[in-house]
Amino acid sequence: MDSESLRQLLEDGELDTLRWEDDDISLRSAASNSRLPYDKLTAQELVHFPDASDSKASTNLYLFIRNKILQLWLLEPNVELTSEDAIDQLPIPFNSDRRFVRRIHGFLQRYGFINYGNFHRLASALVLTSKRKRVIIVGAGAAGIAALKQLHFFGFEVVLLEARKRLGGRVHTYHQKDSSVVADLGAMVVTGINGNPIVTMMRQTQCTPVRITPDCPIYDEYGKLVDQRKDELVAEAFKKIGDTASYIAHTLGVTEVNGKKLSIADAYNNILEMLELRMQRRRLKYWQIYEEILEKMKQVQNEITLYKKSAVFLAEKLKSSDGSIPHTLDPDSRLEQDILRRCYRRDLGEAIKRYDAARERFRNLETTLRNLKKQEPSEVYMNQRDRRLLDFHFANLEYVSGATLEKLSLQHFDQDDEFQFTGSHMAIRDGYGDFLTRLVTSDVTAMIKQNAVVESIKYDQKGNKKIGIVNNEPYESESKKALITELQNNEETIQSTAENDRNAKKWLKWNLRMVKKQN
């Protein structure tokens, strides 16, 4: 039965791939643990398998085969899963289109979803050419070792150059003499286990995971526990600073100033200065409003004083005129006195009314001033104690990045955020360094050259010759491909002009210095 016949069966409803109840949970788990959605194709898969999106039946067929292959690999990651093994273990009729299964298997293998880490190889090298292509890897940290393993599996001739006399890069495990005590001095945490390939490789190397409690109490310089609310506020400020830095780099596109690329330290310091400036502007605005209220209170107080004096004056006048009007006065004078007394009474009432209104306005201004005093901004954006707490988060970022903030690129420091793993964080009982050492098996040991310091990289039209010195002797090697596993902003080591050199993609000329260094 070919793939078209199988798809027709699915469309007619005679076969439902979604009702393999005994496999459904395991297939979902396999997809999740491989960083792929269970019930849909990723954008990358759609590019490679446009035919899988022709119909719902085609999509379901692809997803079942893909998830089943992932399940088969995760069930036994110590042995290579070949395409023929996958075909044999797929239930009939899902294995009828052998070419389609091989395509899916090849895609999963090419992009590292299966057959990675330490496993027993069953098939020959994948790259079959008259002359094996050579790749040079700079740096024997976790990334360099993983690349070495995978490229070697793909059939490339690989050379790995490491400056130190040990492997692991920023992973370094201390082993106490005559004791089983170990301590990771560098990277030590497996950050999230859901879909993390390191968990699979830990199974391959028989490393024991140890769960890390999510609680992280912080103590001040006096050994006292930092208030949880204060810790949360500073942590939130740290997150906002990071989000702002990411916005500046990726939304505004500001990654350099006057030709100089910005580091995380540059961005964070500038953001903190801007936050401090904003705080001082808020204080300025606050005191301007404060001054306006005081000025209004002064004006109202003057009005109160004026109305009070007017009321007292009118009250005295009214009191002096409250006596009976003498009968000896002529009618006109008596009328004038009566009108004057009525005016005093009216003006007194108006003065008292305005006095009461002014007093009410004054009380309202007093209330406004009291409320304003409660909202007074801090004298600084962050006081010394809070800044020490923020510095802890900066130091922790340096720790997890393996470099100071001055050496981390603003443009690239958060490029892996969308690929972060969920789930519990783990440590490795025997140390992260022991885990990486176990990954370096005998078949790749000879490909690693330690004490090899790469000083610079230059591009040349003439060829791809790398020139260096080993033990004071000339050293030559040829390669058209190079993989740099260095820090994202380590321009002191990598002097690259690829963006401006049209020949950079064709030729590489390396200046190397291979020196004996003490660890």
**OP:** Residues being within 30 Å of LYS481 (Cα to Cα), among the β-branched types (Val, Ile, Thr) and out of contact with any helix residue (DSSP H, G or I) (no Cβ under 7 Å at 6 or more places or on another chain): count how many of those fall in the stretch 156-188.
**Re:** 1
Original post:
Scanning for something within 30 Å of LEU348 (Cα to Cα) and not in a strand (DSSP E or B), does the stretch 249-261 turn up at least one residue?
Top reply: no
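Taking strands (runs of 3 or more DSSP E) that fall entirely within the stretch 123-209, which contain at least 3 residues that are under 30 Å from the mean Cα position of the chain (by Cα)?
Details: elements: 134-138, 157-161, 173-175, 182-184.
Result: 134-138, 182-184.
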Subject >> Test result for GLU276, acidic (Asp, Glu), more than 17 Å from the chain's Cα centre (by Cα) and either in a helix (DSSP H, G or I) or under 26 Å from MET382 (Cβ atoms) (or both) >> reply: yes
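Could you list, in sequence order, the residues of the stretch 346-356 that are surrounded by 16 or more Cβ atoms within 10 Å (Cβ to Cβ) and out of contact with any Ser or Thr (no Cβ under 6 Å at 6 or more places or on another chain)? Before you say what the answer is, go through the steps one by one.
Of the residues in the stretch 346-356, the ones surrounded by 16 or more Cβ atoms within 10 Å (Cβ to Cβ) are 347-348, 351-352, 354-355.
Within the stretch 346-356, ASP347, LEU348, ILE352, ARG354, TYR355 meet the criteria.
Residues checked against (1) within 22 Å of LYS449 (Cα to Cα); (2) at pLDDT 90 or above:
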{"site": "TYR111", "(1), (2)": "no, yes"}
{"site": "LEU126", "(1), (2)": "no, no"}
{"site": "ARG132", "(1), (2)": "yes, no"}
{"site": "ILE136", "(1), (2)": "yes, no"}
{"site": "ILE198", "(1), (2)": "no, yes"}
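Taking the condition of being at pLDDT 90 or above and surrounded by fewer than 18 Cβ atoms within 10 Å (Cβ to Cβ), how many residues in the stretch 407-429 meet it? Let's see the steps before the verdict.
Quick first cut of the stretch 407-429, residues at pLDDT 90 or above only: 426-429.
If we keep only those that are surrounded by fewer than 18 Cβ atoms within 10 Å (Cβ to Cβ) too, we end up with 427, 429.
Residues in the stretch 407-429 being at pLDDT 90 or above and surrounded by fewer than 18 Cβ atoms within 10 Å (Cβ to Cβ): 2 in total.
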Original post:
Pairs, please: C-beta under 6 Å, at least 6 apart or cross-chain, first residue at pLDDT 90 or above and in the stretch 140-158, second small (Gly, Ala, Ser)?
Top reply: GLY141/GLY169
**OP:** Scan (1) farther than 30 Å from CYS207 by Cβ; (2) in contact with a Leu (Cβ under 9 Å, 6 or more places away or on another chain); (3) modelled with pLDDT under 90 for the single condition LEU365 breaks and write down its number.
**Re:** (3)
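Just to be sure I understand, how many residues within the stretch 347-372 are touching a residue at least 24 places away in the same chain (Cβ under 8 Å) and of a type outside the set (Val, Ile, Thr)? Show your work before the answer.
Initially, the stretch 347-372 is screened for residues touching a residue at least 24 places away in the same chain (Cβ under 8 Å), giving 347-348, 351-352, 354-355, 358-359, 361-362, 365-366, 368-369, 372.
With of a type outside the set (Val, Ile, Thr) added as a condition, the list becomes 347-348, 351, 354-355, 358-359, 361-362, 365-366, 369, 372.
Adding up the residues that qualify gives 13.
When you look at ALA311, is it surrounded by fewer than 16 Cβ atoms within 10 Å (Cβ to Cβ), assigned to a helix (DSSP H, G or I) and of a type in the set (Gly, Ala, Ser), yes or no?
no
Right, MET297: in contact (Cβ under 8 Å) with a residue 24 or more places away in the chain, among the hydrophobic types (A, V, I, L, M, F, W, C), closer than 23 Å to PHE392 by Cα and surrounded by 14 or more Cβ atoms within 10 Å (Cβ to Cβ) or not? Spell out the reasoning first.
Working: in contact (Cβ under 8 Å) with a residue 24 or more places away in the chain: yes; among the hydrophobic types (A, V, I, L, M, F, W, C): yes; closer than 23 Å to PHE392 by Cα: no; surrounded by 14 or more Cβ atoms within 10 Å (Cβ to Cβ): yes.
Considered against the rule, which asks whether it is in contact (Cβ under 8 Å) with a residue 24 or more places away in the chain, among the hydrophobic types (A, V, I, L, M, F, W, C), closer than 23 Å to PHE392 by Cα and surrounded by 14 or more Cβ atoms within 10 Å (Cβ to Cβ), MET297 comes out as no.
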**OP:** Could you tell me which numbered condition SER58 fails, if it satisfies all but one of (1) surrounded by fewer than 16 Cβ atoms within 10 Å (Cβ to Cβ); (2) small (Gly, Ala, Ser); (3) farther than 24 Å from MET202 by Cα?
**Re:** (1)
Original post:
Residues in the stretch 262-284: is at least one out of contact with any strand residue (DSSP E or B) (no Cβ under 8 Å at 6 or more places or on another chain), more than 30 Å from ARG363 (Cα to Cα) and surrounded by fewer than 11 Cβ atoms within 10 Å (Cβ to Cβ)?
Top reply: no
Subject >> Subset of the stretch 25-53 that is in contact (Cβ under 8 Å) with a residue 24 or more places away in the chain and surrounded by fewer than 13 Cβ atoms within 10 Å (Cβ to Cβ) - its residue that is farthest from GLN420 (Cα to Cα) >> reply: ASP39
Subject >> Matching option when the condition is crowded, with 21+ Cβ neighbours inside 10 Å and of a type in the set (Val, Ile, Thr), among VAL182, VAL159, VAL138 >> reply: VAL138
Subject >> Leading residue by the ranking (farthest from the chain's Cα centre (by Cα)) among those in the stretch 383-422 that are assigned to a loop (DSSP other than H, G, I, E, B) and among the charged types (D, E, K, R) >> reply: ASP416
Original post:
Of all residues in the stretch 228-249, how many are exposed (fewer than 13 other Cβ atoms within 10 Å of the Cβ) and under 16 Å from ASN269 (Cβ atoms)?
Top reply: 1
**OP:** Can you tell me which residue within the stretch 444-469, out of those that are modelled with pLDDT of 90 or more and of a type outside the set (Gly, Ala, Ser), is surrounded by the fewest Cβ atoms within 10 Å (Cβ to Cβ)?
**Re:** THR445
Original post:
Only one of these conditions is not met by ASN194: (1) over 23 Å from ALA395 (Cβ atoms); (2) surrounded by 15 or more Cβ atoms within 10 Å (Cβ to Cβ); (3) touching a strand residue (DSSP E or B) at 6+ places or on another chain (Cβ under 6 Å). Which number is it?
Top reply: (2)
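The values are calculated or read from the model by the stated rules, or taken from the named source; none is laboratory data. Quantities reported herein were computed from a predicted structural model and do not represent experimental measurements. No Cβ is skipped: glycine too gets one built from the backbone with ideal geometry, and neighbour counts run over all protein chains shown.
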